[in-house]
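Colleague: Handing you a structure now.
Only the coordinates and a few stated rules stand behind these numbers; no lab work does. Small disclaimer: the values here were computed from a predicted structure and weren't measured. Reconstructed Cβ throughout: ideal geometry from the backbone, glycine too, with neighbour counts over all protein chains shown.
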Amino acid sequence: MNDIVHPEAQDCPRCGKPAGLCVCAALATIDNRVELLVLRHPQEQDRELGTAGILCRQLQRATLRTGLSWPNLAKALGRPAETRRWGTLYLGTRTQAPAPDAPPLLAVDAEGAELADQEGVLGGLEGLILLDGNWAQAKALWWRNAWLLKTRRLVLNPRAPSLYGDLRREPRRESVSTLDAGALALSILEGRPQIVAPMLEPLRLLLRKVRDSGARPKTPDRRRRRRRQ
């Protein structure tokens, strides 16, 4: 099928999406206490359906970095920070996946086992790191940035499937968009479940526009690419 937009179409300067998929009308403004850092793999080129930019544009304290590696958290963030007070959302292996009835956000050890003091670990976090890209790209970011191993490992266990539906096939039940993951994790860390709905509204609008266009964006099959790893 044809692309949603023509190559010459310019991106919206505010939301970063192609003009025909602009979601500015749905962007929320969230004053977040827990700071967000998104590390985006340079080959993550999902221009139409990608959500990292939308996520960061809605938060007062958010940074989006594109690259493969940074020497430490301070360099990635652009200011001094205590690595141990930050957590990284990490998908882990299939054997480390949380049980369906586990809490929606868990702090785990290197083997994927749930830490005993969940309230203490999660409540002490000052920042959250998300790795943006398909599984191979996220894995590359994880291993090329050894300082991430010093952060708290967090596992997301969403109650609902990804909003993408048939527009993007995800490899596992707990796989969701970067926006889904960031909104849910922040809502739990800050004890504010009410921020999830407004933060997800730009994605809902984006997906409606994609479906209404009758075309499908040329995005990679993330499930097939991940299975080759």
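Colleague: For the ranges 188-198, 134-144, what's the packing order if you count other beta-carbon atoms within 10 Å of each residue, average per peptide, and put the highest first?
Modeller: Sorting 188-198, 134-144 by mean packing, highest first, produces 134-144, 188-198.
Colleague: Name the residues whose placed amide hydrogens come within less than 5 Å of the amide hydrogen of Arg152, ignoring near sequence neighbours (fewer than 5 apart) on the same chain.
Modeller: Amide H to amide H, under 5 Å and 5 or more residues apart or across chains, Arg152 pairs with Trp86, Gly87, Thr88.
Colleague: OK, next. Please list, in order along segment 153-161, the HN-Hα scalar couplings obtained from phi with the Karplus expression 6.51 cos²θ - 1.76 cosθ + 1.60 (θ = phi - 60°), rounded to whole Hz, x for Gly and Pro.
Modeller: 8, 10, 10, 8, 10, x, 7, 10, x
Colleague: Here's a follow-up. So what's the gap between the Cα centers of segment 119-140 and segment 35-75, to the nearest angstrom?
Modeller: 12 Å
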